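The values are calculated or read from the model by the stated rules, or taken from the named source; none is laboratory data. Given the structure is predicted, the values throughout are model-derived calculations rather than measurements. Every residue, glycine as well, gets a Cβ built from its backbone with ideal geometry; the counts of neighbours run over all protein chains shown. Note: areas computed on protein heavy atoms with side chains; ligands, DNA, RNA excluded. Shrake-Rupley method; radii C 1.70, N 1.55, O 1.52, S 1.80 Å.
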Amino acid sequence: KEEQGGSIKRPNVKVLVASVGENMMVERMKLTRQLWDANISAEFSQQDNPKLKYEIANALDRDIPFMVIVGEEEARDKTCKVKDLVARTEETVRVSDLVATLRSKGVVPVGCEFAVEMMGQD
């Protein structure tokens, strides 16, 4: 696969939505839906209670640059953590600010990648 200029394990996913704690599937789905509604390429694990360390390893292995993490406390406070896996930073943001935060970090809506690339080539 490398000779063909790509890898089979690299989907165009920019954000992996993960959770800490049990029974957080609905919260992961809500956050992922919010990102999809903003045309941000995102996915979440469909396992009931995936372990965060495996989720992080999955994102790193697949070169997914960002993770959004929610736990019981964050769900209660309507916040989530945005983890930048490239810069190795993490910040807590309000769910209502999630899309704006990711866009400020360079996440481009699906379908706009080419336009952004062209604009950068003045």
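Some notes on this structure:
Residues checked against (1) of a type in the set (D, E, K, R); (2) modelled with pLDDT of 95 or more:
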position	(1), (2)
1	yes, no
17	no, yes
32	no, yes
43	yes, yes
49	no, no
62	yes, no
88	yes, yes
98	no, yes
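- The stretch 14-54, residues that are under 11 Å from the mean Cα position of the chain (by Cα) and either outside any loop (DSSP other than H, G, I, E, B) or farther than 18 Å from residue 81 by Cα (or both): 15, 16, 17, 18, 28, 31, 32, 35, 36, 42, 43, 44
- Of all residue pairs spaced 6 or more apart or on separate chains, those with beta-carbon atoms under 9 Å, a first member in the stretch 17-30 that is at positive phi and a second member that is modelled with pLDDT of 95 or more and open to solvent by less than 70 Å² (accessible area, probe 1.4 Å) are 21/70; 21/71; 21/75.
Results for (1) in contact with a strand residue (DSSP E or B) (Cβ under 8 Å, 6 or more places away or on another chain); (2) free of Cβ contacts under 8 Å to residues at least 24 places away in the same chain, shown as yes or no for each residue.
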| position | (1), (2) |
| --- | --- |
| 43 | yes, no |
| 47 | no, yes |
| 52 | yes, no |
| 57 | no, yes |
| 61 | no, no |
| 67 | yes, no |
| 76 | no, yes |
| 81 | yes, yes |
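- Selection over the stretch 3-15 of residues that are open to solvent by less than 100 Å² (accessible area, probe 1.4 Å) and either of a type in the set (Ser, Thr, Tyr) or at pLDDT below 90 (or both) gives a count of 6.
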